[in-house]
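Every number here is computed from the coordinates shown, using simple stated rules; none is lab data. This is a predicted model, so every value here is computed, not measured. All Cβ positions, even for glycine, are placed from backbone atoms using ideal geometry, and neighbour counts span all protein chains on display.
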Amino acid sequence: MSVPPRIGFVGLGIMGRAMAMNLVKAGFQVTVYNRTRQRTMEFADLGCDVAATPRALAKAADTVIIMVSDTTAMDAVMEGPEGVLSAFSGGNTLINMSTLSPAYTAALAKKCYTAGVSFLDCPVSGSKPAAESGQLVILAGGEKTAVEKNGPVLKAMSRAVVYAGPAPAGTALKLCVNLIVAQLTTALAEAAVLASAQGLDPALIFETLAANPALNCGYFGLKKENILKMDFSPAFPLKHMLKDARFMLAEAAARKIELPVTAAAEALMSRAAASGYGDKDLSAVLLNLSEPLGRNRPAA
Ligand code: NAP
């Protein structure tokens with residue numbers, strides 16, 4: 001049996017924390033790095049090494065996995081004298097699981113190729129509960145053989161790996177899937193507001209959806225409590241879906257196609273972010289829709 005790779009995991013936010021924890025539980029030797037060091041403490045308590053910099057982490061690892069917010073965060077951990085790239089000497093593997101733009105991902109794949117690093121473009125479908133239970137779906141881009149070779153690492157975090165093609169195909173697929181999630185969420189919020197405006201309890205919407213096998217989608221169940229209880233504790237922060245919607249629209253514009261409903265969802269999310277709801281769950285778009293449900297707005 002081949003020797004398991006030493007893993008370096010960068011980014012212990014909502015998703016990364018749970019994913020890194022599942023790698024530890026699966027028996028991998030995991031070194032962690034997070035900008036806010038406090039988030040590494042529970043890993044240190046489990047016996048994991050905590051790296052002081054992304055470079056130190058990459059020096060101690062065969063495979064570096066990154067799960068950070070966006071391209072700015074990615075630059076911060078990858079570039080510069082203390083960045084991951086500075087430590088690569090060839091033969092390593094980099095697995096990016098953050099949702100970035102296809103253009104950024106393609107440029108990263110090129111940098112890795114030049115540095116002799118095997119690059120996997122592996123964003124994920126599934127939110128906090130799926131990350132915690134190791135039930136994510138990984139949308140994989142890169143060389144198929146490299147994806148297969150890293151199967152045990154990916155399996156520790158997921159229930160399935162969908163191979164999309166060479167990088168940035170994983171990211172391209174992720175944007176298509178998130179387009180649906182963004183629209184489903186805004187649809188739920190609008191339906192709840194319309195129900196309320198007509199004097200109906202929005203809970204009736206969820207009761208109807210659950211009773212109809214054609215509409216009984218697990219995602220609706222995930223957002224039910226957010227919408228009915230007006231509790232917007234983040235599973236998927238709104239600011240991240242807004243970033244993704246902007247990537248979708250940029251991809252569409254570059255290819256001269258229109259995504260009018262996604263554009264409307266982006267406008268609604270922009271309003272919510274401008275109202276100070278960026279760190280709340282994506283379902284917080286509800287707060288901007290109308291007063292009947294929005295009357296008791298929590299503080300931003
Ligand atoms: P999150 O909770 O906001 O965590 C973001 C992570 O990025 C934290 O570790 C944060 O470090 C780090 N970070 C941010 N800016 C940084 C910088 N300038 N330098 C270094 N590190 C930085 O985000 P998340 O929900 O886990 O999402 C992570 C990625 O997965 C995003 O691309 C998101 O779109 C995608 N995603 C999220 C979900 C979901 O449901 N949440 C689902 C699928 C995909 P600190 O701890 O120091 O802030």
(request) Sort M78, M41 so the one with the fewest other Cβ atoms within 10 Å of its own Cβ comes first. (result) M41, M78
(request) Taking the Cβ of each residue in C122, C112 as the centre, tally the other Cβ atoms inside 10 Å and list the residues starting with the fewest. (result) C112, C122
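With a/c under 1.5 counting as rounded, go ahead and sort the range 7-167 into rounded, prolate or oblate using the C-alpha gyration tensor (a ≥ b ≥ c being the square roots of the eigenvalues; past the cut-off, prolate if a/b is larger than b/c, else oblate).
Values: a/c = 1.45, a/b = 1.06, b/c = 1.36.
Since a/c stays below 1.5, the shape of the range 7-167 is classed as rounded.
How high is the relative contact order of the chain, in percent, counting Cα pairs under 8 Å that sit 6 or more residues apart?
Working: 520 pairs, mean separation 38.7, N = 300.
Reported as a whole number, the value is 13 percent.
Please label the shape of the range 9-53 as rounded, prolate or oblate, based on the square roots a ≥ b ≥ c of the eigenvalues of the alpha-carbon gyration tensor (a/c under 1.5 means rounded; beyond that, a/b larger than b/c means prolate, else oblate).
Numbers: a/c = 1.70, a/b = 1.24, b/c = 1.37.
Here the range 9-53 falls in the oblate category.
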(request) Using only the Cα atoms of the range 168-222, build the gyration tensor, take square roots of its eigenvalues as a ≥ b ≥ c, and label the shape rounded, prolate or oblate: rounded if a/c is under 1.5, else prolate if a/b is larger than b/c, else oblate. (result) oblate
(request) Pop out the ³J(HN,Hα) list for the range 23-31 in order, Karplus 6.51 cos²θ - 1.76 cosθ + 1.60 with θ = phi - 60°, rounded to Hz; leave Gly and Pro as x. (result) 5, 4, 4, 7, x, 6, 7, 10, 9
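If we count other beta carbons within 10 Å of each Cβ, what is the order of L209, L120, fewest first?
On the way: L209 17, L120 26.
Sorted ascending by nearby Cβ count, the order is L209, L120.
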(request) Would you work out the charge dipole size for the range 35-142 about its Cα centre, treating the Cβ of every Lys and Arg as +1 and the Cβ of every Asp and Glu as -1, and quote it to the nearest 20 debye? (result) 160 debye
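Let me know the whole percent of all Cα-Cα pairs from the chain that are separated by more than 24 Å. Write out the running numbers ahead of the final one.
Values: 24054 of 44850 pairs.
Roughly 54 percent, once rounded to a whole number.
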(message) Let's see if you can work this out: charge +1 on each Lys and Arg Cβ, -1 on each Asp and Glu Cβ, no other charges. What is the dipole magnitude of the chain about its Cα centre, in debye to the nearest 20?
(response) 340 debye
